[in-house]
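The values are calculated or read from the model by the stated rules, or taken from the named source; none is laboratory data. Remember, predicted model here, so these are calculated numbers, not experimental data. Note: ideal-geometry Cβ built from the backbone for every residue, glycine included; neighbour counts use all protein chains shown.
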Amino acid sequence: MVHSTRLESVRCKKLAGSNPAPSAMPNKDVWEITSAIILSFGGSSVILIGLSTWLGKVWANRLLEKDRLKYNSELETTKAKYEKQLETYKLQLEKSKSLFFRYSEHQFTLYNELWRLLYKLKLLVNELWDQANFKNLRAFALHFEKTIDSVEKHSLLIEDKHHDKLNAIFNTLNKFKVNKETIVKLKDIKEEDIKPDHNSDTIPRYVAQNNESKKQFEALLKILERDFKKQIRVTG
């Protein structure tokens, strides 16, 4: 009897060894089997609810971790993209700042130089107004041409509105110069050599015209002085 029992035991072990190991069951089957075991041992609904809650948390955490990794990856990609764009904008800004400062520095120097020329021009206008002679006329004419030449050479750095006002000054002073040239010539002509079209009131008429031109020049220069002050505060 004992011998037959042992043989039966050996036969069962051989049969068990000859069968392949069962494959892993899906999670659904595990859950069903686990529930069945708990119920077979008389488990209460409290245990079942607790286990289901635990499994729910496990799967929820896995899903959250998966989403977190996905969003982190997308965030890093977006961050890298905008960091690259930001660096490009920074380089462009630095380049623009460099150009602006160089432009401002040159313009600041130019406006100071232009004002020096204009101020000397004002002094020469006063001298020529006080004494209309060839010496004063020549000094004024030479400096007048020098001032015009400087403005034209540096017109790229001069604001358009200031360039227009400078041209208005030059037009006014050109009339002043032409009249002074006529007055100086008439003063050197002997009275008997004066042509019929130059009567006795010719010089006073030119003087009156030059008086108006001088006033216009001084008014325009005052306006330009205010404009230049504002400009060098910005560029300086």
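Looking only at the stretch 164-181, which residues are under 42 Å from the mean Cα position of the chain (by Cα) and within 12 Å of Ser213 (Cβ to Cβ)?
Once the filter is applied, which keeps residues that are under 42 Å from the mean Cα position of the chain (by Cα) and within 12 Å of Ser213 (Cβ to Cβ), the stretch 164-181 yields Ala168, Ile169, Phe170, Asn171, Thr172, Leu173, Asn174.
I want to confirm something. Restricting to the stretch 135-147 and keeping residues that are hydrophobic (A, V, I, L, M, F, W, C) and surrounded by fewer than 18 Cβ atoms within 10 Å (Cβ to Cβ), which single residue is nearest to Ser104 (Cα to Cα)? So that I can check it myself, show each step before the final result.
Let us first name the residues in the stretch 135-147 that are hydrophobic (A, V, I, L, M, F, W, C), namely 137, 139-142, 144.
If we keep only those that are surrounded by fewer than 18 Cβ atoms within 10 Å (Cβ to Cβ) as well, we get 139, 141-142.
Values: Ala139: 32, Ala141: 31, Leu142: 30 Å.
Per the criteria, the residue is Leu142.
Which residues, counting only those in the stretch 106-128, are closer than 25 Å to Thr182 by Cβ and buried (at least 17 other Cβ atoms within 10 Å of the Cβ)? Don't jump to the end; show me each part of the working.
Residues of the stretch 106-128 closer than 25 Å to Thr182 by Cβ: 118, 120-128.
Selection gives Leu118, Leu121, Leu124, Val125, Leu128.
Go through the stretch 200-219 and report how many residues are in a helix (DSSP H, G or I) and either at positive phi or surrounded by fewer than 18 Cβ atoms within 10 Å (Cβ to Cβ) (or both).
Step one: filter the stretch 200-219 for residues in a helix (DSSP H, G or I), giving 202-219.
Now restrict to residues that are either at positive phi or surrounded by fewer than 18 Cβ atoms within 10 Å (Cβ to Cβ) (or both): 202-205, 207-209, 211-212, 215-216, 218-219.
Qualifying residue count for the region: 13.
With without any contact (Cβ under 8 Å) to a residue 24 or more places away in the chain and on the phi < 0 side of the Ramachandran plot as the only criterion, which of Leu110, Leu91 stands out?
On the way: Leu110 fails: without any contact (Cβ under 8 Å) to a residue 24 or more places away in the chain.
The unique qualifying residue is Leu91.
Okay, residues lined up against (1) of a type in the set (Lys, Arg); (2) modelled with pLDDT of 80 or more; (3) part of a helix (DSSP H, G or I):
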| position | (1), (2), (3) |
| --- | --- |
| Gly43 | no, no, no |
| Ile47 | no, no, yes |
| Val58 | no, no, yes |
| Leu69 | no, yes, yes |
| Ser73 | no, yes, yes |
| Thr78 | no, yes, yes |
| Gln85 | no, yes, yes |
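Can you confirm whether the stretch 163-170 contains a residue that is more than 16 Å from Phe228 (Cα to Cα) and of a type outside the set (Gly, Ala, Ser)? Working first, answer last.
Kept after step one, since they are more than 16 Å from Phe228 (Cα to Cα), are these residues of the stretch 163-170: 170.
In the following step, the residues that additionally are of a type outside the set (Gly, Ala, Ser) were identified as 170.
Yes, there is a match, as at least one residue in the stretch 163-170 is more than 16 Å from Phe228 (Cα to Cα) and of a type outside the set (Gly, Ala, Ser).
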